[in-house]
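Student: So that we are looking at the same thing, I have put the structure below in structure tokens.
Derivation of every value follows stated rules applied to the coordinates shown; laboratory data play no part. Source: prediction; values computed, not measured. With ideal geometry, Cβ positions are generated from the backbone for all residues, glycine too; neighbour counts draw on all protein chains shown.
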Amino acid sequence: MKMKLLNLSKALDIPREPCFIENWCYTKPNLVPNENEDIVIIKKVSFGPLEVYEWGIDFNNTPYEWYKWVENDFYENENYRKNITKEELFNQILSVILLFKENRLSEWITIYEKILDGLNSMLSESFERVDEVYGDRKKE
């Protein structure tokens, strides 16, 4: 799946500048795995208070959500990283698409629609391969 996202990254014209909406700064998706081998699809940062949310796919192709409080040490125990379902990741992507539509950010809408389409096709292929290996697992 990661190789296909890398190919998708090359095909997208991803903006270099971040996007500011209300208190949040959205940074461009990074479809190249980072030092943790994570692919960061959505990242938003607030500067007041200083906190970060991130959604993506980890080195095992598992969707994740990550949150970090950076402002001070009052809420550092609230930091987390958890696995989420593919549906939760899709819903998060759909919510940012809607947010960008409300703010008339067509370039960002196009990017996330293409990412969503790419993820849909990759997941469909994964399910087809699982079916080839395991067959129909429905109980009769």
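Student: I'd like the Karplus ³J(HN,Hα) series for the range 80-85: coefficients 6.51, -1.76, 1.60, θ = phi - 60°, whole numbers in Hz, and an x wherever there's a Gly or Pro.
Tutor: Calculated HN-Hα couplings, in order: 7, 9, 9, 6, 10, 7 Hz.
Student: Mind jotting down the distance between the C-alpha centroids of the range 76-119 and the range 26-72, whole Å?
Tutor: Here the answer is 11 Å between Cα centres.
Student: Okay, next question. Residue by residue through the range 43-49, which ³J(HN,Hα) values in whole Hz follow from phi under the Karplus form 6.51 cos²θ - 1.76 cosθ + 1.60 (θ = phi - 60°), with glycine and proline marked x?
Tutor: Each residue of the range 43-49 in turn: 9, 10, 10, 10, 9, x, x Hz.
Student: On to the next question. Could you tally the net charge around GLU65, taking each other residue with its Cβ under 14 Å from the Cβ of GLU65, Lys/Arg +1 and Asp/Glu -1?
Tutor: -1
Student: If you don't mind, there's one more thing I want to ask. Given the Cα-Cα distance of ASN36 and LEU50 and 0.36 nm per residue of separation, how much length would full extension add, in nm?
Tutor: Details: separation 14, 0.36 × 14 = 5.04 nm, distance 2.23 nm.
Between ASN36 and LEU50, full extension yields an extra 2.8 nm.
Student: Turning to a different aspect of this structure: Hey, can you grab everything whose amide H is under 5 Å from the amide H of ASN79? Only 5+ residues off in sequence or another chain; H modelled, so Pro and N-termini drop out.
Tutor: Here TRP69 satisfy the definition.
Student: Could I ask something else about it? 5 Å is the cut-off here: which amide hydrogens, built 1.01 Å from N in the peptide plane, fall below it relative to ILE21, excluding neighbours closer than 5 in sequence?
Tutor: HN-HN under 5 Å from ILE21: TYR26.
Student: Further question on the same structure: Among 55-66, 77-88, what's the highest-first ranking by average C-beta atoms within 10 angstrom per residue?
Tutor: On the way: 55-66: 17.2, 77-88: 11.5.
In descending order of packing, they fall as 55-66, 77-88.
Student: With each pseudo-label sitting 7 Å past Cα toward Cβ, what's the LYS68-PHE20 distance in nm, one decimal?
Tutor: My value for the distance between the label points is 2.2 nm.
Student: While we're on this one: Work out, step by step, the length gained on full extension between ASN79 and ASP58: first 0.36 nm times the residue separation, then minus their alpha carbon distance; give nm to one decimal.
Tutor: Stretched out fully, the ASN79 to ASP58 stretch lengthens by 5.8 nm.
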